[in-house]
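Accompanying notes for the structure given below.
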Amino acid sequence: MTNHNAKKRQVRFGPLIIVILLMAVVLVSSGFSYFYVMNTSDRLQNTIDEIKKTVQEENWTLANQKSTELFDNWDKEKPLMSILIDHRRMEAVEVLISRSNDFVKNKEKIDSLVELNQTAQQLHGIHEGEQPTLSNIF
């Protein structure tokens, strides 16, 4: 009779173990997603800051190089980022990066800075939207 009771207990723990494992997978993948988005948006933000500095100094050669680097980095990060964040934000960032790249190539200081500031603002929104706060959860 004790063997029969032991078998019943094992059956009861099976679903519990599966639920715990699934929760662990969700937590680990959420952690990866969070840190990936944070690191990517921070790197892109740093590049934008560098571009803004070079545009303000009117160092168009370096600004163009950094702008192309930003565009290439975004293009490289886009496939995974599109899985993790809202597509509307992705499209907005992509359009802003493309426009800022064009303005830098054409040496349009004011327009370049405006587009770069808007791009930075969108990236900040992505950064804020991924943080685990009560307002983002509910």
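Summary of values
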quantity: Odd one out for Asn136, checked against (1) modelled with pLDDT of 95 or more; (2) part of a helix (DSSP H, G or I); (3) in contact with an Asp or Glu (Cβ under 9 Å, 6 or more places away or on another chain); calculated: (1)
quantity: Residue within region 77-97 that is more than 16 Å from His124 (Cα to Cα), of a type in the set (D, E, K, R) and at pLDDT 95 or above present; calculated: no
quantity: Among residues of region 62-80, those that are closer than 23 Å to Lys109 by Cβ and free of Cβ contacts under 8 Å to residues at least 12 places away in the same chain, counted; calculated: 3
quantity: Filter result for Asp111 (of a type outside the set (S, T, N, Q), surrounded by fewer than 13 Cβ atoms within 10 Å (Cβ to Cβ) and either in contact with a Lys or Arg (Cβ under 9 Å, 6 or more places away or on another chain) or within 30 Å of Ser30 (Cβ to Cβ) (or both)); calculated: no
quantity: Filter pass, Val55 being closer than 14 Å to Ser112 by Cα, in a helix (DSSP H, G or I) and of a type in the set (A, V, I, L, M); calculated: yes
quantity: Output for region 30-67, where each listed residue is of a type in the set (Gly, Ala, Ser) and in contact with a Ser or Thr (Cβ under 8 Å, 6 or more places away or on another chain); calculated: Ala63, Ser67
quantity: Any hit, region 95-103, residues being of a type in the set (D, E, K, R) and assigned to a helix (DSSP H, G or I); calculated: yes
quantity: Given (1) without any contact (Cβ under 8 Å) to a residue 40 or more places away in the chain; (2) farther than 21 Å from Phe32 by Cβ; (3) of a type in the set (Lys, Arg), index of the condition Lys107 fails; calculated: (1)
quantity: Number of the exception - Asn39 against (1) exposed (fewer than 13 other Cβ atoms within 10 Å of the Cβ); (2) modelled with pLDDT under 90; (3) under 23 Å from the mean Cα position of the chain (by Cα); calculated: (2)
quantity: Filter result for Ala92 (out of contact with any strand residue (DSSP E or B) (no Cβ under 7 Å at 6 or more places or on another chain) and touching a residue at least 40 places away in the same chain (Cβ under 8 Å)); calculated: no
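The values are calculated or read from the model by the stated rules, or taken from the named source; none is laboratory data. It should be emphasised that the depicted structure is a prediction, and the values quoted were computed from it without experimental measurement. No Cβ is skipped: glycine too gets one built from the backbone with ideal geometry, and neighbour counts run over all protein chains shown.
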